Amino acid sequence: MEKRIAVITPVSHLKGILKLLFTKGKIFLDEESSKNEVRNLLLQNNINTILCNPNQQTYKIDKDLLRGTNVNLINTCSTGMNHIDVEYCNKNNIKIYSLTKDMELINNLPSTSELAFGLMVSLLRKISEGKKHVSQYNWDYTQFMGRQIKDLNIGIIGYGRLGKMMFNYCKAFGANVYVYDPYVSHTFSNLEEIFTKCDVISLHVHVTDETKYMINKDLFGYINKDCYIVNTSRGEIVNELDIAVGLKLGIITGYATDVIENEFDDLTKSPIIDAMNSGENIIITPHVGGMTIEGQTKAYTWAINKF
């Protein structure tokens, strides 16, 4: 049966990707549409395959989108799958391809860890605030005294592919780096130790029942110094309301994230964006971790060739 592929993620900016796609089936390009528009596309064109990526998707691929369609395969150019209702797909015989276990590929995709390091530096050196200050024709460095990475205590939560990369970047800059991962020996035994010891905590874990909201107010009582938190995993790893309150009370010094919990919903309901707009020391980027020309081209080529 001919593959009729709905491409619901931006690909036109990547050299050679569209040309490759057209060798795999009949392509229906719908790069930036709403959930209702995509559903109509699926129904009206007898679509059986979806190519997607969570980064710019403003809705979830779930029952409301898929019911009554002929979709039997979803191919996501990502390791994470929280933009897809996996349970619904499993119950309805919809196969999902992802990059989660494609180690030959993803071991050569450091883009997300590079962003985590960049977000950390931005927090520690107050780069965003400094830019705003100078844009208003001011020139007073005393407001922007930061921290140097050398000799800081940096905690890595999750010692998989990306956590190991972040560990190496921080060590190269002379930091004291500590790791918490219950599935890796010779790491800290619990999260409380990380929060007691570290000036910076960087999150590198998948969303599971075990990790959802693992960073919350119960841990903040162990903080006894400046504490910056960097999150390039998923928004659900932290309790965003607790983060916002922790910042307001001065318990947390800064929070930088590339992800928020309700990415696939109304952003005006996001407590962490509200806290940023209220002046808290927060940096948020729009899920750009893997969004480099090099990284995307490799990932999309690999994913499309799975067809």
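Details
- Spherically averaged projected area of the convex hull of Cα atoms, the stretch 127-178: 4.6 nm².
- Accessible area (Å², per residue) of the stretch 173-307, counting only protein heavy atoms and a probe of 1.4 Å: 46
- Accessible area in the full protein assembly, largest first, 1.4 Å probe, for 20, 123: 20, 123
- Accessible carbon and sulfur surface of the stretch 19-87 relative to its total accessible area, %, 1.4 Å: 42
- Look at the dipole of the stretch 9-115 built from charges on Cβ: of 103, 51, 10, the Cα furthest out on the positive end belongs to 51.
- Solvent-accessible surface ranking, highest first, for 147, 161, 125 at 1.4 angstrom: 125, 147, 161
- Tensor-based shape of the stretch 9-66 (alpha-carbon gyration tensor, a/c under 1.5 rounded, otherwise prolate or oblate): oblate
- Listed by chain and number, the aspartates and glutamates placed with their C-alpha closer than 13 angstrom to that of residue 35 are 62, 64, 265, 266; residues fewer than eight positions away on the same chain are left out.
- Surface share of carbon and sulfur [accessible, 1.4 angstrom probe, percent] for the stretch 213-307: 55
- Using a cutoff of 8 angstrom between alpha carbon atoms and counting only pairs six or more residues apart, the relative contact order for the chain works out to 16 percent.
- Distance violations [Cα-Cα > 22 Å] among 132/225; 132/217; 24/95: 132/225; 132/217
- Estimated [θ] at 222 nm from DSSP helical runs (n ≥ 4, -39500 (n - 2.57)) normalised by residues in the chain, nearest 500: -9000 deg cm²/dmol
- Accessible area (Å², per residue) of the stretch 1-108, counting only protein heavy atoms and a probe of 1.4 Å: 51
- Listed cross-link partners 63/101; 101/306; 60/91; 212/269 are compared with a 22 Å cut-off, the Cα-Cα value being larger for 63/101.
- In a reduced charge model with +1 at each Lys and Arg Cβ and -1 at each Asp and Glu Cβ, the stretch 125-166 shows a dipole moment near 220 debye about its Cα centre.
The values are calculated or read from the model by the stated rules, or taken from the named source; none is laboratory data. Being a predicted model, the structure only gives us computed values, none of them experimental. Because the Cβ atoms are built from the backbone with ideal geometry, glycine has one as well, and the counts that use them run over all protein chains shown. Surface areas here come from the heavy atoms of the whole protein model, side chains and all, with no ligands, DNA or RNA. Shrake-Rupley method; radii C 1.70, N 1.55, O 1.52, S 1.80 Å.
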